[in-house]
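Below is one structure; the comments refer to it alone.
Please treat every number below as a calculation from the coordinates, not as lab data. Just so you know, these numbers come straight off a predicted model, no measurement behind them. Here Cβ is always computed from backbone atoms with ideal geometry, including for glycine, and neighbour counts include all displayed protein chains.
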Amino acid sequence: MKPATLPQAFSILLRRDLTLAYRRRSEMINPLLFFVLVTALFPLGISADPALLREIGPGIIWVAALLASLLSLETVFRSDFDDGSLEQLLLSPHPLSVLMIAKVLAHWLITGLPLLIVAPLLGVLLNLSTAAMKTLLLTLALGTPVLSLIGAIGVALTVGLRKGGTILSLLVLPLYVPVLIFAASAVANSDAGLPVSAHLSLLAALLVLAISLSPAATAASLRISMS
Amino acid sequence: MTHYDQTDTLEARDLTCIRDDRSLFSELSFTLKSGQVLLVEGRNGSGKTSLLRILCGIRQPDEGHIHWNGGDIYRLATGFNAVTAWVGHKDGIKLELTARENLVFARSLGTPSGLDIAEALDAMELGGFDDVSAINLSAGQKRRLALARLLVTRSPLWILDEPFTSLDTHGISLIESMINKHLVDGGMLAVTSHHTVTLDSNDITRINLSA
């Protein structure tokens with residue numbers, strides 16, 4: 001008998017995480033709800049002036065997306081760590097970094113993609129122009145996977161700590177900042193009719209960098225945390 | 001059922017484990033061959049679990065080496081993972097998944113033994129629980145589901161940490177006969193247990209970490 005092939009293991013792990021998320025959907029909806037609520041509360045708290053909202057809208061949406069992602073990060077490994085499944089992943093004959101890609105992909109599908117889907121609605125709420133809305137979606141599509149990929153390294157490092165939440169934010173937030181800067185200013189630029197291709201290229205570069213480095217770093221961090 | 005390679009050897013040389021500035025054990029050496037059992041004994045906190053975690057490669061020893069067929073297990077890495085199966089103190093099953101889903105996942109993380117999932121569940125007397133969420137299983141049933149992993153995958157080296165926890169006498173004899181069969185097939189076993197383990201094999205190496 002040959003070992004189960006890597007693509008098989010990858011797809012079974014991905015499907016397992018999606019099934020788990022579906023069965024825990026009340027828990028999984030939290031970050032999305034947070035994203036919508038924070039964004040919706042800003043006009044109430046500051047002012048409903050359309051011109052002002054249009055100016056601060058991109059920043060609000062991106063900050064909310066970033067915090068929502070941070071809020072959901074712990075779910076990547078927490079339950080696997082608690083019930084011992086993480087040990088089984090670590091001891092599988094498959095390369096751990098590839099399995100990590102499946103974990104992060106599942107996490108993005110569960111927490112990142114929904115942000116993308118509701119973002120146009122929030123764009124309307126904050127009076128963004130059509131051009132800005134398009135850019136917003138593009139930046140979210142490029143940026144949220146980066147957040148999941150970077151976040152996974154942080155969670156892998158802190159999963160063994162009982163109260164790792166605070167240290168996780170401190171570890172991960174500084175690395176989130178470039179994404180926030182490029183993404184929010186791209187949306188603001190496109191609202192002002194300025195070119196955004198440079199920003200988008202930088203975000204895409206960050207994504208490529210994160211995809212190539214994060215899985216190996218996450219795998220190595222997990223090995224340290226578990227030993 | 002095909003037999004395992006009779007020439008497989010696990011050799012530990014001068015293992016030392018230090019935890020929180022306390023030496024749990026030092027210069028521990030032993031060899032485990034096909035069909036043999038390593039029974040790790042000792043009081044609570046004497047380092048039994050740490051030793052098993054070192055043997056399966058989750059943890060590195062502070063000193064010493066472990067060799068599988070002559071190769072360092074940290075160099076073999078995933079190659080060594082392919083020959084080991086670990087059931088730790090935690091069951092490693094997902095409560096939200098059904099018994100079948102749990103085993104499908106476990107099988108994808110190892111070398112499939114060719115045994116059907118339904119057959120494995122039957123062997124663990126969990127037949128009929130295929131589509132029951134693990135959350136609805138009793139503690140003993142969960143433990144048997146965790147141990148059913150050993151049946152759906154094929155690994156010559158089983159490393160079991162307190163496998164009999166929460167099992168009743170019938171469950172214990174079920175696992176013991178499963179282990180006996182594994183040893184007859186030429187497998188090897190490293191185990192800790194508070195229960196007296198009754199095995200057919202006379203080839204048992206005992207290590208007492210409290211001594």
Give the Cα extents of chain A along the principal axes, in whole Å, largest first.
64, 33, 29
Applied in sequence order to segment A:215-220, the curve 6.51 cos²θ - 1.76 cosθ + 1.60 (Karplus, θ = phi - 60°) yields integer Hz couplings, x standing for Gly and Pro, of x, 5, 5, 5, 4, 5
Return one quarter of the surface area of the convex hull spanned by the alpha-carbon atoms of segment B:163-211, equal to its mean projected area, in nm².
3.7
Quick one: helix B:139-152 against the long Cα principal axis of chain B, what's the angle to the nearest 10°, folded into 0 to 90?
80
Taking chain B as a Gaussian network, where each spring joins two C-alpha atoms under 10 Å apart, which residue of B:97, B:121, B:51 fluctuates the most?
B:97
Peptide-level mean, for A:12-20, of C-beta atoms on other protein chains within 10 Å:
4
Just want to confirm a number: the relative contact order over chain A, from Cα pairs under 8 angstrom separated by 6+ residues, in percent.
26
Computed over all unlike Cα pairs, the Kirkwood hydrodynamic radius of segment B:94-154 in Å stands at 11.0
Principal axis dimensions, segment A:77-212 - Cα atoms, whole angstrom, descending:
52, 27, 25
Output field shielding_mean for B:74-80 (other chain Cβ, 10 Å radius) holds 2
³J(HN,Hα) computed for each position of segment B:205-211 - Karplus, 6.51 cos²θ - 1.76 cosθ + 1.60, integer Hz, glycine/proline x
9, 9, 10, 9, 7, 8, 6
Antiparallel versus total DSSP beta bridges in the protein assembly as shown: what percent is that, nearest 5?
50
Over the whole of B:111-117, what's the average partner chain Cβ count within 10 Å per residue? Rounded to a whole number, please.
2
Once you wrap a convex hull around the alpha carbon atoms of chain B, what is its projected area averaged over all directions, in nm²?
11.3
Cα extents of segment B:10-121 along the principal axes, largest first, in whole Å, come to 44, 31, 24
Step through the residues of segment B:109-126 one at a time and calculate ³J(HN,Hα) from phi using the Karplus curve (6.51 cos²θ - 1.76 cosθ + 1.60, θ = phi - 60°), rounding each to whole Hz and writing x for Gly and Pro.
8, x, 9, x, 7, x, 6, 5, 4, 4, 5, 5, 5, 4, 4, 8, 6, 10
Nearest 500 deg cm²/dmol is fine: what mean residue ellipticity at 222 nm does chain A get from its DSSP H runs of n ≥ 4 alone, each adding -39,500 (n - 2.57), divided by its residue count?
-27500 deg cm²/dmol
Sequence-distant or interchain residues sharing an amide H contact under 5 Å with residue B:190, placed H: which?
B:38, B:158, B:159, B:160
Counting sequence-distant residues (5 or more places) and residues on other chains, those with an amide H built under 5 Å from that of residue A:127 are none
Suppose a student asked you for the relative contact order of segment B:94-154, using Cα pairs under 8 Å spaced at least 6 residues apart; what percent would you report?
53
Please list, short to long, the whole-number percent of alpha-carbon pairs of the protein assembly as shown in consecutive 20 angstrom bins beginning at zero.
24, 47, 22, 6, 0
Can you give me the relative contact order of chain B as a percent, contacts being Cα pairs under 8 Å and 6 or more apart?
31
